[in-house]
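A.B. asks: Below is a structure I'd like to ask you about.
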Amino acid sequence: MLRCRDGYQLAVHDSLYFGTAKPDGVVSSQDWARFLEGTVTPLFPQGLTSSRASGQWRGPDGEIVREDSHVLQLLHPDDAPTEQAIRELIDMYKSQFRQEAVLRVRSHTCVSF
């Protein structure tokens, strides 16, 4: 189990990768801004970091897919309500923007404010 030094507290760090390619176009900057304001912020009002990225992955057909993405960084407690909020957030994005997946990278870390 991770133990933090004095002055730090244990937290979960989630990095969520939201692709922007969709069957009929792309998730625009305005679409993302509305999603961030209307969906993400109400679920995580304590804070978050959003940044743009460029990535690639191998699709189910074996082809390399390159697309712009949005990366959302969340620091939060390791509890059931937060876990449920993250799952809801991922499901909403996938449904609203017809996405196959949202990549989630989760780790425990020590933080200090």
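A.B. asks: For the condition open to solvent by less than 40 Å² (accessible area, probe 1.4 Å) and among the hydrophobic types (A, V, I, L, M, F, W, C), what is the one hit in L75, L103, L89?
C.D. replies: From the options L75, L103, L89, the qualifying one is L89.
A.B. asks: Count, please, the residues in region 1-35 that happen to be over 14 Å from V102 (Cβ atoms) and not hydroxyl-bearing (S, T, Y).
C.D. replies: Residues flagged as over 14 Å from V102 (Cβ atoms) and not hydroxyl-bearing (S, T, Y) within region 1-35 amount to 20.
A.B. asks: Restricting attention to region 43-53, which residues are surrounded by 12 or more Cβ atoms within 10 Å (Cβ to Cβ) and either of a type in the set (S, T, N, Q) or touching a His at 6+ places or on another chain (Cβ under 8 Å) (or both)?
C.D. replies: Of everything in region 43-53, those that are surrounded by 12 or more Cβ atoms within 10 Å (Cβ to Cβ) and either of a type in the set (S, T, N, Q) or touching a His at 6+ places or on another chain (Cβ under 8 Å) (or both) turn out to be F44, S50, A53.
A.B. asks: Another question about this same structure. Of all residues in region 54-72 being hydrophobic (A, V, I, L, M, F, W, C) and within 12 Å of the chain's Cα centre (by Cα), which is surrounded by the most Cβ atoms within 10 Å (Cβ to Cβ)?
C.D. replies: Per the stated criteria, the residue is L72.
A.B. asks: Separate question: In region 11-35, which residue that is touching a strand residue (DSSP E or B) at 6+ places or on another chain (Cβ under 6 Å) and more than 17 Å from V105 (Cβ to Cβ) is modelled with the lowest pLDDT? Talk me through it step by step, then tell me what you get.
C.D. replies: The initial filter retains those residues of region 11-35 that are touching a strand residue (DSSP E or B) at 6+ places or on another chain (Cβ under 6 Å), namely 11-21, 32.
Now narrow it down to the ones that are more than 17 Å from V105 (Cβ to Cβ): 20-21, 32.
Details: T20: 95, A21: 92, W32: 97.
So, considering only residues that are touching a strand residue (DSSP E or B) at 6+ places or on another chain (Cβ under 6 Å) and more than 17 Å from V105 (Cβ to Cβ), the one modelled with the lowest pLDDT is A21.
A.B. asks: For region 25-68, enumerate the residues that are in contact with a helix residue (DSSP H, G or I) (Cβ under 9 Å, 6 or more places away or on another chain) and without any contact (Cβ under 8 Å) to a residue 40 or more places away in the chain.
C.D. replies: The answer is L48, S50, R52.
A.B. asks: Continuing with this model, one more query. Looking at region 29-42, which of its residues are within 14 Å of the chain's Cα centre (by Cα) and open to solvent by less than 50 Å² (accessible area, probe 1.4 Å)?
C.D. replies: Passing the criteria: W32, F35, L36, T39, V40.
The values are calculated or read from the model by the stated rules, or taken from the named source; none is laboratory data. Because the structure is a prediction, the values reported are computed rather than measured. No Cβ is skipped: glycine too gets one built from the backbone with ideal geometry, and neighbour counts run over all protein chains shown. What goes into the accessible areas is simple: the full protein's heavy atoms, side chains included, and nothing from ligands, DNA or RNA. Shrake-Rupley method; radii C 1.70, N 1.55, O 1.52, S 1.80 Å.
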